[in-house]
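Right, one structure below, let's go through it.
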Amino acid sequence: MINLNEDTITGAVIQRNAQAKDARLRELMVNLVQHLHAFARETQLTEEEWQQGIQFLTRVGQMCDENRQEFILLSDTLGLSTLVMALNHRKPAGCTEATVFGPFYVHGAPELPLGADIANGAKGAPCYVSGTVRGDDGRIVANAEIQVWQADEDGFYDVQYTGKDQLAARAVLRSDADGNYHFRSILAEPYPIPHDGPVGDMLEALNRHPWRPAHLHFLIRAEGHQSLTTHVFRKGDKYLESDAVFGVRSTLVADWVRHEAGTAPDGSRTDQPFYVLHFDFVLARAGA
Ligand code: BEZ
Ligand code: FE
């Protein structure tokens, strides 16, 4: 394989990679090389542009640490996360749709009883969330593990505050014997994804904003059912149509109903307005 030129280089690389013993790796690499080379040919990529691309990816890598995953932000803002999620989570009609995971999930969130205030000091208007978990056969799902996480009123997740290692506005709950869940938290607000790095620069160059509509994240697992990674989005949010990471599904938009100060759903008295969200989840059966 010498004297390779613009017509023969792609086949030569594919042939070399075909030595891979793992069939799936071979398939992935054949396609990756084909598409990368086609991109360079179709765009007549210049050396300066290729250098800029290398520098950009270098900055993306350098930006990553245990709290910041710039590659996930890149995948999210290019729509790749939504595409991979959609390809891998086709569900029977009627099931709650999945959406992107995002970079702010953490393992080891506190396990709290139903009705708990999960805010743990996170700032925001009080919000009471409840609903039922069912299977796609309509039966209630008891003892489902419900992980929930959200940003505070300033648009930050607990893990984004340096120097504070207290987990806040996240918890692991379990549906009760009737499949019901409820907890207290804070009102979800829109927030910009971290945009002080190369992905932010990319969005600016593309004349795009970094905002996500207000949402609550859920990861729900239950025996005999497929796990569900999703959000509930707040109706009326001005970013629903232009989510920076392309995650909104209309079936996931719900009303956070505002109430004046008074008696909250848990019977306590509040001296400030509060919000109530009701959202039911439908899980696909395992193997469906
Ligand atoms: C999030 O919703 O937490 C998120 C998703 C994608 C990128 C950044 C944040
Ligand atoms: Fe989020």
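Taking the 1.4 Å solvent-accessible surface of the chain as the whole, the part contributed by carbon and sulfur is 52%.
One quarter of the surface of the convex hull around the alpha-carbon atoms of the range 1-45 equals 3.2 nm², the direction-averaged projected area. Pairs of Cα atoms in the range 25-105 fall into 10 Å distance bins, from 0 up to the last occupied one, in shares of 14, 30, 37, 15, 3 percent. With a/c under 1.5 counting as rounded, go ahead and sort the range 39-174 into rounded, prolate or oblate using the C-alpha gyration tensor (a ≥ b ≥ c being the square roots of the eigenvalues; past the cut-off, prolate if a/b is larger than b/c, else oblate). Oblate shape, in that a/c is at least 1.5 and b/c is the bigger or equal ratio.
In the range 219-288, the alpha-carbon atoms span a convex hull of 125 Å³ per residue.
Here is the size of the range 73-283 from its Cα atoms: Rg then Dmax, 17.0, 52 Å. Projected label points at GLU204 and ALA125, each 7 Å from Cα along the beta carbon direction, are separated by 3.2 nanometres. Measuring nothing but how far apart in sequence close Cα pairs (under 8 Å, 6+ apart) lie, relative to its length, the chain scores a relative contact order of 20 percent. Qualifying trypsin sites (Lys or Arg not before Pro) in the range 1-73, where qualification requires a DSSP coil assignment and no more than 10 other C-beta atoms within 10 Å, comprise LYS21.
Were the residues from ALA20 through ASP7 laid out at 0.36 nm apart, the gain over their Cα-Cα distance would be 2.4 nm.
Quick note on the range 133-212: its Rg to Rh ratio, both from C-alpha atoms and Rh being the Kirkwood radius, is 1.14. For the range 102-179, GluC sites (Glu not before Pro) are listed when DSSP marks them as loop and at most 15 other Cβ atoms sit within 10 Å of their Cβ; the list is GLU153. Between ASP137 and ASN67, residue separation times 0.36 nm minus the direct Cα-Cα distance comes to 21.3 nm.
For the chain, modelled as a GNM whose springs connect Cα atoms under 10 angstrom apart, the maximal fluctuation among VAL33, VAL159, VAL100 occurs at VAL33. Sparsely packed loop sites in the range 1-84 (the GluC sites (Glu not before Pro) outside DSSP H, G, I, E and B with at most 16 other Cβ atoms within 10 Å) comprise GLU6, GLU66. In the context of the full set of protein chains, the range 1-45 has a per residue accessible area of 83 Å² (1.4 Å probe). Shown in residue order for the range 171-182 are the 3J(HN,Hα) couplings computed by the Karplus curve 6.51 cos²θ - 1.76 cosθ + 1.60 at θ = phi - 60°: 6, 10, 10, 10, 5, 7, 4, 9, x, 8, 9, 7 Hz (x for Gly and Pro).
The values are calculated or read from the model by the stated rules, or taken from the named source; none is laboratory data. Because the structure is a prediction, the values reported are computed rather than measured. Because the Cβ atoms are built from the backbone with ideal geometry, glycine has one as well, and the counts that use them run over all protein chains shown. For the accessible areas, the whole protein counts, side chains as well, though only heavy atoms, and no ligand, DNA or RNA atoms are used. Shrake-Rupley method; radii C 1.70, N 1.55, O 1.52, S 1.80 Å.
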